[in-house]
Amino acid sequence: MLTDPGLWEVLASVPDPEIPVISVVDLGIVRSVAPDKVTITPTYTGCPASHVIERDIRDALDAAGYRHVAIETVLSPAWTTDWITPEGRAKLAAYGIAPPTKGAVHCPQCGSVQTEEISRFGSTPCKSLWRCRDCAEPFDLFKCH
Amino acid sequence: MASLPPIDLPSAATGAGAFDTPAPSEGSALFEYLLRLGDDSLILGQRLSEWCGHAPSVEVDLSLANIALDLVGQATHFLNLAGEAEGKGRDDDALAFRRDVLDFRNCWLVEQPNGDFAQTMARQLLFSTWQKLLFRSLVGSSEPTIAAVAEKAVKEVTYHQELASEWVIRLGDGTEESRRRMQEGLDWMWRFVPELFEMDDLAAFMAEKGIGVDLPAIRDEYDRQIRDVIAEATLDLPPDQRPILGGRRGHHSEHLGHLLAAMQFLPRTYPDAVW
């Protein structure tokens, strides 16, 4: 039985509660979709949004007529920022959050690479706090994880 | 310094009850082992939360709250697994909020008061370095649920260790005042390190089963990493002190009861309250 493409559409309409410009699909936490089951994975162990995300997905599925579809949460393999989609990365940058990178960190405001870390821990577990030395704007970096 | 025998339980207290090491049977041993893992994370998470709104700077405030959040997240997973292993219908909330002090299985290090910021950072360095090595080993646990939690958490604990290391170095290699406080914090917390590597019957049984970790096997690496940070911080390695043991069998310092009073007051006063 083929997976209903409508299921993906429903999931793509569910925003991340803490960064509402990207969807749970953009974020890469939807691991697989089967006709009767959606498998998701938490970003961080202690992420308080995990429960909200599961509830939001449940509500969206129910509203779209997918009451029979179960939601399963799995931990392994552990989520990594590599699973954020290219669309998700673009949306983060447009929103003012530098997407995760293993190379130079670009200021999401002016594009400069003259940036520095202020604090390894930011407003949510997934972000660190940075500052642009050119335009002097502080910004969040989605931590490479 | 000549090594003194470890302080352990008075023999009268080992007869029965809360201080007992349970006879290792697979189910009860797994329950106990998961409590050890979960309680370490829960109690340190609660301790660090006490800094919220009081840290030296807003960045540090956020950092400590984030670390606390990671730890409470670990505890949620481990205590839920413990409840499943026990099979009596207890979940993470029941185990966190409706157990009394003698039933907690955390080590002494995590229940120690925060002291000043330097003392908190000393505790964090000593704990997070250990927890990272522990979780790295637990990724290979024959119990797949434990392996999955460890695999996920080890990435986060690496941040905790880095943050603590940076502060220990900054304070140790700082002003006269910061160095003095950092050294005192380290000297105080040092006595709780041997317990982290204690192999009692339960720990040995779990290691034998491939579920738990052979703690002495990660000791050299631990010592090396801690020594490197202490050296870079220009601090003195504290002398070995008389080890204090017993947390794994429910024998705790007086501090834990006070911590639990704050943590458990609301759910005990208003059981099953919701908002």
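No value in this document is a laboratory result; all are computed from the given coordinates. Model, not experiment: these values are computed from the prediction. For neighbour counting, all protein chains shown are included, and Cβ atoms are generated from backbone atoms with ideal geometry for every residue, glycine included.
Filtering the range A:59-82 to residues that are closer than 30 Å to B:VAL154 by Cβ and in contact with a strand residue (DSSP E or B) (Cβ under 8 Å, 6 or more places away or on another chain) leaves A:ALA70, A:ILE71, A:GLU72, A:THR73, A:VAL74, A:THR81. Residues in the range B:223-271 that are among the hydroxyl-bearing types (Ser, Thr, Tyr) and farther than 23 Å from B:GLU195 by Cβ: B:THR234, B:THR269, B:TYR270.
Of the residues making up the range B:183-219, those that are exposed (fewer than 14 other Cβ atoms within 10 Å of the Cβ) and either closer than 21 Å to B:ALA150 by Cα or touching a Lys or Arg at 6+ places or on another chain (Cβ under 9 Å) (or both) are B:ASP200, B:GLU208, B:GLY210, B:PRO216, B:ALA217.
Let's see how each residue does on (1) hydrophobic (A, V, I, L, M, F, W, C); (2) within 16 Å of B:ALA118 (Cα to Cα):
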site: B:SER165; (1), (2): no, yes
site: B:THR175; (1), (2): no, yes
site: B:LEU202; (1), (2): yes, no
site: B:ILE218; (1), (2): yes, no
site: B:ARG227; (1), (2): no, no
site: B:GLN241; (1), (2): no, no
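Selection of the range B:82-139 for residues being part of a helix (DSSP H, G or I) and among the aromatic types (Phe, Trp, Tyr) yields B:PHE97, B:TRP108, B:PHE117, B:PHE127, B:TRP130, B:PHE135. Taking B:GLY257 as the residue in question, decide whether it is of a type in the set (Gly, Ala, Ser), in contact (Cβ under 8 Å) with a residue 24 or more places away in the chain and not in a helix (DSSP H, G or I). No, not satisfied. Return yes or no: is B:PRO267 surrounded by 13 or more Cβ atoms within 10 Å (Cβ to Cβ) and not hydrophobic (A, V, I, L, M, F, W, C)? For B:PRO267, the condition - surrounded by 13 or more Cβ atoms within 10 Å (Cβ to Cβ) and not hydrophobic (A, V, I, L, M, F, W, C) - is met.
Give the number of residues within the range B:138-158 that are facing another protein chain (nearest Cβ under 10 Å) and in contact (Cβ under 8 Å) with a residue 40 or more places away in the chain. So the count comes out to 5. Of A:ALA90, A:ALA98, A:ALA94, all but one fail to be of a type in the set (A, V, I, L, M, F, W, C) and closer than 24 Å to A:PRO48 by Cβ; the exception is A:ALA98. When each of A:SER76, A:SER112 is tested for being away from every other protein chain (no Cβ under 12 Å), assigned to a loop (DSSP other than H, G, I, E, B) and either surrounded by fewer than 19 Cβ atoms within 10 Å (Cβ to Cβ) or among the small types (Gly, Ala, Ser) (or both), the lone residue that passes is A:SER112. Name the single residue, out of those in the range A:118-145 being of a type in the set (D, E, K, R) and within 13 Å of chain B (Cβ to nearest Cβ), that is surrounded by the most Cβ atoms within 10 Å (Cβ to Cβ). Looking at residues that are of a type in the set (D, E, K, R) and within 13 Å of chain B (Cβ to nearest Cβ), I get A:LYS127. Flag set for B:LYS209, criterion: touching a residue at least 40 places away in the same chain (Cβ under 8 Å), under 22 Å from B:GLY38 (Cα atoms) and basic (Lys, Arg). Answer yes or no as to whether A:ARG58 is under 26 Å from B:ILE67 (Cα atoms), part of a helix (DSSP H, G or I), of a type in the set (Lys, Arg) and more than 14 Å from every other protein chain (Cβ to nearest Cβ). In short, no. How many of the residues making up the range B:52-63 are without any contact (Cβ under 8 Å) to a residue 40 or more places away in the chain and within 8 Å of chain A (Cβ to nearest Cβ)? Looking only at that region, the number is 2.
Are any residues in the range B:141-192 in contact with a Gly (Cβ under 6 Å, 6 or more places away or on another chain) and assigned to a helix (DSSP H, G or I), and if so, which ones? Result: B:ARG179, B:MET182.
Counting the residues of the range B:66-121 that are surrounded by 19 or more Cβ atoms within 10 Å (Cβ to Cβ) and acidic (Asp, Glu) gives 3. When you scan the range A:79-91, do you find a residue that is crowded, with 19+ Cβ neighbours inside 10 Å, in contact with a helix residue (DSSP H, G or I) (Cβ under 7 Å, 6 or more places away or on another chain) and either over 22 Å from A:SER123 (Cβ atoms) or within 14 Å of chain B (Cβ to nearest Cβ) (or both), even just one? No, every residue in the range A:79-91 fails to be crowded, with 19+ Cβ neighbours inside 10 Å, in contact with a helix residue (DSSP H, G or I) (Cβ under 7 Å, 6 or more places away or on another chain) and either over 22 Å from A:SER123 (Cβ atoms) or within 14 Å of chain B (Cβ to nearest Cβ) (or both).
When we screen B:ALA82, B:ALA68, B:ALA96, B:ALA75 for residues that are within 22 Å of B:ASP272 (Cα to Cα), among the small types (Gly, Ala, Ser) and either in contact with a strand residue (DSSP E or B) (Cβ under 7 Å, 6 or more places away or on another chain) or within 11 Å of chain A (Cβ to nearest Cβ) (or both), the only hit is B:ALA75. Screening the candidates B:GLU177, B:GLU86 for the property of being without any contact (Cβ under 8 Å) to a residue 40 or more places away in the chain and not aliphatic (A, V, I, L, M) yields one hit, B:GLU177.
Residues in the range A:7-52 that are in contact (Cβ under 8 Å) with a residue 40 or more places away in the chain and of a type in the set (Val, Ile, Thr) were compared, and the one that is surrounded by the fewest Cβ atoms within 10 Å (Cβ to Cβ) is A:VAL21.
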